[in-house]
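Enquirer: Here it is: the structure, laid out below.
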Amino acid sequence: MRIDQETIDRIKQAAEIADVIGDYVSLKKKGANLSACCPFHGEKTPSFSVSPAKGIYKCFGCGKAGDSVRFIMDIEGIGYGEALRHLAKKYGIEIQETKLTDEQLLAQNERESLLIALNYANSFYQKQLTQSDEGRAIGYSYFKERGFSDKTIKTFELGYSLESWDAFTKDALKNGYNLDILEKAGLSLRRTEGGDKVFDRFRNRVIFPIHNVSGKTIAFGARILKADKNQAKYLNSPETEVYHKSNVLYGIYQAKNAIRSKDVCYLVEGYTDVISLHQAGIENVVASSGTSLTLEQIRLISRFTQNVTVLYDGDAAGIKASLRGMDMILEEGLNVKLVVFPEGDDPDSYVRKIGSEAFTAHISEHATDFITFKAELFLQEAGKDPFKRAELIKDMVESISKIPDSIKRQVFFQKTAALMQMDEAILIAESNKITLERGKQREKDHQRESNRQRLQQDLPNNVVLQNHQAPPPIDNNGWMSFSEDDMGGVQEFYTSPQPVTPVNQPTNNTPLVPKQTAVKSYLALQEQECIRLLINHGTKEIDPDVAPGITLMQYVLGEIDGIMFSTPIYQEILNLCREHFLRGRVLDISFFVGHPNSNIQQETINLVSEQHSVSESWLKRHEIFVPTELDRLAEMAFTNILRLKKAVNEEQLKDLLAQIGQTKDANEQTRLLGLFMQAKEIEKQIAKELGNVVVR
């Protein structure tokens, strides 16, 4: 089904950009805009900007940009229609749809189909838990024994899968779901040996749905309740197009608002730890779902807070195995503390044993920074052995050296020096050595990859670059190798079977020359500025005192009538401005920001986004008035039009000179020279208006 345009307009109007993005990252006020660390790439200094007034976002680091609908598409990896449905659900807007054609149905996003199937499975398992005799007797009873209330069961959408081999698959197929999609979603399995058989992945297990940040079901964890040595205790969904376990934290959807408000995230290991703490009122808690902590999971936490407290059970071996993840947290610039519970207890059992208030008090009293925790954990083991102590100190210095903030590093060096009774300068010197070696390795890796990409760009299209541990000898089949010095690491490329002579083939004595970065021409820059003014200020009056009622759009279109832009995207936008103006409509920013053509939308946001803004303090505190573009609108438009005409005229002069040099006809040369002199006269007039000096 297709969403009608009126509903789309209502959704876009309701979807405030700051509110939509605020569900995924913590936004901070920065002048008229809001800022955060970009959710699309790893960074420690915020370069992600949100403009509530313009309804757009832009990352000045990775270039991601768009409106509220585009943000949902990018962050969730879903199509336009599914993003609109997501926002409609968030704002309680009823969707009016029109029927799709067969061709449109076939073109629907497979990812969206997977999410729909997973959502259906989630509803099915919840229904079995409370409405089937088997579910109530086994699954519901188990959750009640764990102390989970009906409200908690509903909050986490817990369910149950029947013991039957194909109960879910039969039900889904009966309701029109495609078997291929059910397989790709990890819900059904098909076995062809001995006849085509289809059965459910999850059978006779309690179900823990796994949600993404926006609350969509993307996978399941399932626990078996009866003792069976032939089956794993926990069974999880396989990796799919919508589920990558290294990117997901269990409970993040239920916890994100509490994490943001309390400014700390509690990190535990299991599903029941999360659920028990949440029920006890400690809602800012997530789990790594039984996997080692990953960089993606850490960055997911950093969207909502810079503070992480890891809650461990009393298993010393498990604690030591998990310490690598703490280094990763430090390296991402987050503040990490650790809490250990009495031996034999985990967060789930301990909170049920002592209650939420005592549990919170235990965390406050026993939370220890990572460096101190590490020292105390290994000091007893090292004892008086100098070699073990030296290894421990070096390990601690390596952890501290990963902290990006220099002040925090200094504080921890002081603390470690006191703990280990060592000279602080020695620790800092060792850290500098580690940092230098790490930097050299990064530079080497970067150079190797840069050289590989550069070589690939310079080779013909039918040459495929590959990495190999060692180069094979040059032979007649097209294999060629280059030295470590030339390539920053041994690299090879393989050509097609036909004889191919690579352009600018490098040799051991010929260094690679990087391609030049494309630079916009003067004409393209003036076209860009013209479009920027039209998008930003087209609806504004050019000069209310001199020409009341005349918009900048009307003025500019009148002055550049007949000019065609050389840059396709700018010509396309200019055409839209002209077409709508002739119909009596002056286009504003919202039209271009919400345009279905992603190229137009992207270019618009690039043109209207401002990375820096003038502080309000200049006027309020220092009484310094800084004129805005609106204050100088007439001057800016006039200057841009002159410069644009100057650039167009220069291109015409070049073209005329080329034609004069190519023609041998005397009459044609005379005509072209006449046109050339006219263009030169125009150049002088424009230069005079701009205050330029023309010497030729």
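Here, each number is a calculation from the coordinates, and none is a lab measurement. Keep in mind that what you see is a predicted model, and the values were worked out from it rather than measured. Please note: Cβ atoms are built from the backbone with ideal geometry, for glycine as well, and neighbour counts cover all protein chains shown.
Enquirer: Apply the Karplus curve 6.51 cos²θ - 1.76 cosθ + 1.60, θ = phi - 60°, to the phi angles in the range 372-378 and return the couplings in whole Hz, x for Gly and Pro.
Expert: Values per residue, Gly and Pro as x: 5, 4, 5, 5, 5, 5, 9 Hz.
Enquirer: On full extension of the chain, what length is gained from LYS664 through GLN231, given 0.36 nm per residue of separation minus the C-alpha to C-alpha distance?
Expert: Going from the current span to full extension adds 146.9 nm.
Enquirer: Note down the magnitude of the dipole of the range 2-106 about its Cα centre, charges +1 on Lys and Arg C-beta and -1 on Asp and Glu C-beta and zero elsewhere, to the nearest 20 debye.
Expert: 620
Enquirer: Show me the GluC sites (Glu not before Pro) within the range 355-410 that DSSP assigns to loop and that have at most 12 other Cβ atoms within 10 Å of their Cβ.
Expert: none
Enquirer: In addition: HN-Hα J couplings of the range 412-428 from phi, Karplus 6.51/-1.76/1.60, θ = phi - 60°, integer Hz, Gly and Pro as x?
Expert: Coupling constants for the range 412-428: 6, 5, 4, 5, 5, 4, 5, 5, 9, 6, 10, 6, 4, 4, 5, 5, 5 Hz.
Enquirer: Using the count of nearby Cβ atoms within 10 Å as a rough guide to exposure, how do CYS59, CYS38, CYS265 rank from fewest to most?
Expert: Arranged by neighbour count, lowest to highest, CYS59, CYS38, CYS265 become CYS59, CYS38, CYS265.
Enquirer: Let me know the shape class of the range 2-106, please: from the alpha-carbon gyration tensor, a ≥ b ≥ c as square roots of the eigenvalues, rounded when a/c is under 1.5, otherwise prolate if a/b is greater than b/c, or oblate.
Expert: The shape class here is prolate.
Enquirer: Taking the Cα centre of the range 111-243 as the origin and placing charges on Cβ (Lys, Arg +1; Asp, Glu -1), which of ASN230, TYR177, ALA137 is farthest toward the positive end of the dipole?
Expert: ALA137
Enquirer: Take peptides 196-206, 409-419, 629-639 and line them up by average Cβ neighbours within 10 Å, highest first, as a rough protection proxy.
Expert: 196-206, 409-419, 629-639
Enquirer: Further, regarding this structure: Return SER113, SER261 ranked ascending by Cβ neighbour count within 10 Å, so the fewest neighbours appear first.
Expert: The order, fewest Cβ neighbours first, is SER261, SER113.
Enquirer: To continue, here is another question. Taking the highest mean first, how do the peptides 219-226, 655-662 order by number of other beta carbon atoms within 10 angstrom per residue?
Expert: 219-226, 655-662
Enquirer: Also, I was wondering about something else. Mark the label point 7 Å from the Cα of GLU331 along Cα→Cβ and return the residues of the range 392-413 whose backbone N is within less than 18 Å of it.
Expert: 394-406, 409
Enquirer: Based only on other Cβ atoms within 10 Å, what is the fewest-to-most ordering of CYS530, CYS62?
Expert: CYS62, CYS530
Enquirer: Taking the mean number of other Cβ atoms within 10 Å as a proxy for protection, how do you rank 50-58, 168-176, 322-330 from highest to lowest?
Expert: 50-58, 322-330, 168-176
Enquirer: Now, a different point. Apply the Karplus parameterisation 6.51 cos²θ - 1.76 cosθ + 1.60, with θ equal to phi minus 60°, to every residue of the range 680-690 and state each ³J(HN,Hα) to the nearest whole Hz, in sequence, with x for glycine and proline.
Expert: 5, 5, 4, 4, 5, 5, 5, 4, 5, 5, 7
Enquirer: Considering only C-alpha atoms, what is the centroid distance from the range 16-90 to the range 324-349, in Å?
Expert: What the calculation gives is 30 Å, centre to centre.
Enquirer: Would you kindly work out the equivalent ellipsoid of the range 513-610 from its C-alpha gyration tensor and give its semi-axes, the square roots of five times the eigenvalues, largest first in whole Å?
Expert: Each semi-axis is the square root of five times an eigenvalue, giving 26, 15, 13 Å.
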